[in-house]
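Notes for the one structure printed next.
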Amino acid sequence: MPGPREAAYTPRHVFSRSRILAWSHRSRFRRARMLVRPYAGGRLLDYGCGDGLFLEMVRDLFPERVGTDVWEAQLDECRERYAGDAGVSFLSPAALGAEHDGAYPVVTCMEVLEHCPPAELEGVLRDLARLVSPGGVVLVSVPVELGLSLALKHSVRLAASLRGLGPYRDPNELYRPGEFLRMVFAGERTSIPRPVYWYGQHGHKGFNWRSLRARLAQTFVVEDVSFSPLPPLRGVLNSQVWLRCSPRPH
């Protein structure tokens, strides 16, 4: 799940002073709302809810919404921020016990899995498979860090870092030339070393969404793959990929 640096996600990204970054992140939330809208009226779990923005955005669609995140301080902030909304609650993953098994027709997991080291990824996928209702949907979004999208993102991030915007100044997230070319031309099994930070999670460097898709297909049926902010361009010059998954029949 996102690290402490993401606690101020909305002001730093959705309302970034970089117009390109703000447009990309706002488009992602609009896309998420569009994708969950056909399932409106039920119960929604946002796994890795961050500061709760998405749960607020779908308040009119889902009468009962639950957000979970590993950062307890952030959950406390959400509980305080949304204290007047009776339809939303915030629980730690450890609090999602057996009574939550199969309880959520809609589970979203957005911009989370790219941060997870292998062991943590397996734990999150077990949770997602356990919590979604039979016949429900799991909607996953992760960044596109391959191909021309990576080249464009790298340029935008460098420009943002020069302006002091966003979390793009960490030298560990910079690509060596060989690493950069390897990920621009990456296939499903392509990988490079990925830094693990003091809070035990990855940044974006070296993330391969195609490898994640293959792993998701072992646990779920991956029913659809789409992209944002410009869906017709598919995996070319888009910043996020969306994987709509359903539980495998037992």
A94-F180 pseudo-label distance in nm [points 7 Å out on the Cα-to-Cβ vector]: 4.3 nm
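Counting Lys +1, Arg +1, Asp -1, Glu -1, what net charge surrounds S141 among other residues with beta carbon under 11 Å of its beta carbon? Don't skip to the end; give the middle numbers.
Working: positive: R28, R31, R244; negative: E111, E114.
Combined, the nearby Lys, Arg, Asp and Glu give +1.
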Choice from E80, E64, E173 with maximal GNM fluctuation in the chain (Cα, 10 Å cutoff): E80
Contact order normalised by residue count of region 67-112, Cα under 8 Å, 6+ apart, percent: 40 percent
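Report the percentage of all Cα-Cα pairs in region 31-131 whose separation exceeds 18 Å, rounded to a whole percent. Numbers along the way, then the final one.
On the way: 2216 of 5050 pairs.
The answer is 44 percent, as a whole percent.
From the helices alone, meaning DSSP H stretches of at least four residues, give me the mean residue ellipticity at 222 nm for the chain, per-run term -39500 (n - 2.57), in deg cm²/dmol to the nearest 500. Can you show the working numbers first?
Numbers: 7 runs with 82 residues, N = 250.
Calculated mean residue ellipticity at 222 nm is -10000 deg cm²/dmol.
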Principal axis dimensions, the chain - Cα atoms, whole angstrom, descending: 49, 40, 36
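Calculate the FRET efficiency for A86 and R37 from the Cβ-Cβ distance with a Förster distance of 25 Å, rounded to the nearest 0.05.
Working: r = 22 Å, r/R0 = 0.88.
That gives a FRET efficiency of 0.70.
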Efficiency of FRET from Cβ geometry, E223 and H250, R₀ 30 Å, rounded to 0.05: 0.95
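Ignoring ligands, DNA and RNA, please state the percent of accessible area on region 86-129 from carbon and sulfur, probe 1.4 Å. Spell out each step's value before the answer.
Values: 960 of 1560 Å².
Carbon and sulfur together cover 62 percent of it.
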Sites R26 and A119, calculated FRET efficiency, Cβ-Cβ separation with R0 41 Å, nearest 0.05: 0.80
Formal net charge of residues neighbouring A217 (Cβ-Cβ distance under 15 Å; K, R +1; D, E -1): +2
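The values are calculated or read from the model by the stated rules, or taken from the named source; none is laboratory data. All figures in this text were calculated on a predicted structure; none of them were measured in a lab. With ideal geometry, Cβ positions are generated from the backbone for all residues, glycine too; neighbour counts draw on all protein chains shown. Side chains included, ligands, DNA and RNA excluded: accessible areas come from the protein's heavy atoms. Shrake-Rupley method; radii C 1.70, N 1.55, O 1.52, S 1.80 Å.
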